[in-house]
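Take this structure, written in structure tokens, and hold onto it; I'll ask about it next.
The values are calculated or read from the model by the stated rules, or taken from the named source; none is laboratory data. Remember, predicted model here, so these are calculated numbers, not experimental data. Ideal geometry is used to build each Cβ from the backbone, glycine not excepted, and the neighbour counts take in all protein chains shown. In case anyone asks, the SASA skips ligands and DNA or RNA and just uses the protein heavy atoms, side chains included. Shrake-Rupley method; radii C 1.70, N 1.55, O 1.52, S 1.80 Å.
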Amino acid sequence: MQREVSYLSAVAHTIDRLQEQSEQIRMVAERAAEVIASHHWVRLFGSGHSVLPVQDCFPRYGGYVGFYPMMDPRLMWTTVSGPGGAEELLWLERQEDYIRIFLRHTRWDPADMLIVISHGGQNAAPVEMALAAKAAGLYVVAITSEENHRHRPATHSSGKKLGDIADVILFNGVPSEDAVVAVPGVAGKVGGVSTLAAIALVQAIVSETALALARRGYLVRPFASPNTEGVSPDNNEEVYEEFRRRLYGA
């Protein structure tokens, strides 16, 4: 009989697997520190549920200027069904050439870097985002499933999956099916983990990057809870202003 696995024990196991990549995380963070210290951007992109780690990076408490979320409301669902629903999103993120239209308003700088999050690593949206960034000369980091990367076929016409394009891959420690808890009598598992794992990896990068910047004498200004002692009441307005100055070169 298969031993029952609790969701939290599966999460703990996943975090343990992420810690095995400490050196790769530090390598990514050192590169991110170089980018931010030179007043460029660490860009982040994800579609579907993979947009959540992007949203959780900046602006949020503990985040700071230097990370730039690239988000398309058409590539995230706002309702379960109907206009803006999951069905539409899941169709659109698989359509080749859509990202080219989305990127018409983006000016790449080869001194930036890009982190692309995709558990499957096969859909057109993350693949084409990574391809566009590489073509523009950016350093690209993939956060994806090792099982999907190594054993699932590419579905994009380029013949590539996200991990094939990236300069470095951080594996999310999650099996291909994503869900981790088996329920007797139920086909398929419940309890998805890939979003939680991607958020943990992104926050590890954010934290290690701040430490790497501090070693360079560059002290970040975190977006902070108003309940934090010692933080100015104007702190978050100053963070917004810092973001605008970097964005517009003022």
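Looking for whichever is of a type outside the set (D, E), touching a residue at least 12 places away in the same chain (Cβ under 8 Å) and either open to solvent by less than 90 Å² (accessible area, probe 1.4 Å) or farther than 28 Å from H119 by Cβ (or both) here; the options are A224, A214. Which one fits? Full working, then the answer.
Numbers: A214 fails: touching a residue at least 12 places away in the same chain (Cβ under 8 Å).
None of the other options fit; the residue is A224.
Do the conditions hold for E4, that is, is it at pLDDT below 95, surrounded by fewer than 14 Cβ atoms within 10 Å (Cβ to Cβ) and under 19 Å from N123 (Cα atoms)? Working first, answer last.
Working: at pLDDT below 95: yes; surrounded by fewer than 14 Cβ atoms within 10 Å (Cβ to Cβ): yes; under 19 Å from N123 (Cα atoms): no.
No; evaluated as a whole, the condition is false for this residue.
Ok, one more. Could you identify the single residue in S22, S47 that is under 20 Å from the mean Cα position of the chain (by Cα), of a type in the set (S, T, N, Q) and buried (at least 22 other Cβ atoms within 10 Å of the Cβ)? Break it down stepwise before answering.
Working: S22 fails: buried (at least 22 other Cβ atoms within 10 Å of the Cβ).
Selected residue: S47, the only one of S22, S47 that is under 20 Å from the mean Cα position of the chain (by Cα), of a type in the set (S, T, N, Q) and buried (at least 22 other Cβ atoms within 10 Å of the Cβ).
What number of residues within segment 154-188 satisfy the criterion of being in contact (Cβ under 8 Å) with a residue 12 or more places away in the chain, not in a helix (DSSP H, G or I) and not acidic (D, E)?
21
Please work out if E208 is in a loop (DSSP other than H, G, I, E, B), acidic (D, E) and surrounded by 13 or more Cβ atoms within 10 Å (Cβ to Cβ). Working first, answer last.
Values: in a loop (DSSP other than H, G, I, E, B): no; acidic (D, E): yes; surrounded by 13 or more Cβ atoms within 10 Å (Cβ to Cβ): yes.
No; evaluated as a whole, the condition is false for this residue.
Right, here's the next one. Please enumerate the residues belonging to segment 63-93 that are touching a residue at least 60 places away in the same chain (Cβ under 8 Å) and out of contact with any strand residue (DSSP E or B) (no Cβ under 9 Å at 6 or more places or on another chain).
G63, Y64, V65 - these are the residues of segment 63-93 that are touching a residue at least 60 places away in the same chain (Cβ under 8 Å) and out of contact with any strand residue (DSSP E or B) (no Cβ under 9 Å at 6 or more places or on another chain).
Listed here are the residues, each with its yes/no results for (1) within 20 Å of D178 (Cα to Cα); (2) outside any strand (DSSP E or B); (3) in contact with a helix residue (DSSP H, G or I) (Cβ under 9 Å, 6 or more places away or on another chain); (4) acidic (D, E).
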{"residue": "V28", "(1), (2), (3), (4)": "no, yes, yes, no"}
{"residue": "R43", "(1), (2), (3), (4)": "no, no, yes, no"}
{"residue": "S50", "(1), (2), (3), (4)": "yes, yes, yes, no"}
{"residue": "V65", "(1), (2), (3), (4)": "no, yes, yes, no"}
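Right, here's the next one. Determine whether L162 is farther than 19 Å from L52 by Cα, touching a Pro at 6+ places or on another chain (Cβ under 8 Å) and open to solvent by less than 20 Å² (accessible area, probe 1.4 Å). Explain how you work it out, then say what you get.
Details: farther than 19 Å from L52 by Cα: no; touching a Pro at 6+ places or on another chain (Cβ under 8 Å): yes; open to solvent by less than 20 Å² (accessible area, probe 1.4 Å): yes.
It is false that L162 is farther than 19 Å from L52 by Cα, touching a Pro at 6+ places or on another chain (Cβ under 8 Å) and open to solvent by less than 20 Å² (accessible area, probe 1.4 Å).
I'd like to verify a number: residues in segment 189-200 that are open to solvent by less than 50 Å² (accessible area, probe 1.4 Å) and either assigned to a loop (DSSP other than H, G, I, E, B) or touching a His at 6+ places or on another chain (Cβ under 7 Å) (or both), how many?
3
From (1) open to solvent by 50 Å² or more (accessible area, probe 1.4 Å); (2) on the phi < 0 side of the Ramachandran plot; (3) modelled with pLDDT of 95 or more, pick out the condition that doesn't hold for V80.
V80 satisfies every listed condition except (3).
Tally the residues that are exposed (fewer than 15 other Cβ atoms within 10 Å of the Cβ) and more than 24 Å from A136 (Cα to Cα), restricting the search to segment 85-124.
Within segment 85-124, the subset exposed (fewer than 15 other Cβ atoms within 10 Å of the Cβ) is 85, 87, 90-91, 95, 97, 100-101, 104-107, 109-111.
Within this subset, residues satisfying the condition of being more than 24 Å from A136 (Cα to Cα) are 85, 87, 90-91.
Summing the residues that are exposed (fewer than 15 other Cβ atoms within 10 Å of the Cβ) and more than 24 Å from A136 (Cα to Cα) in segment 85-124 gives 4.
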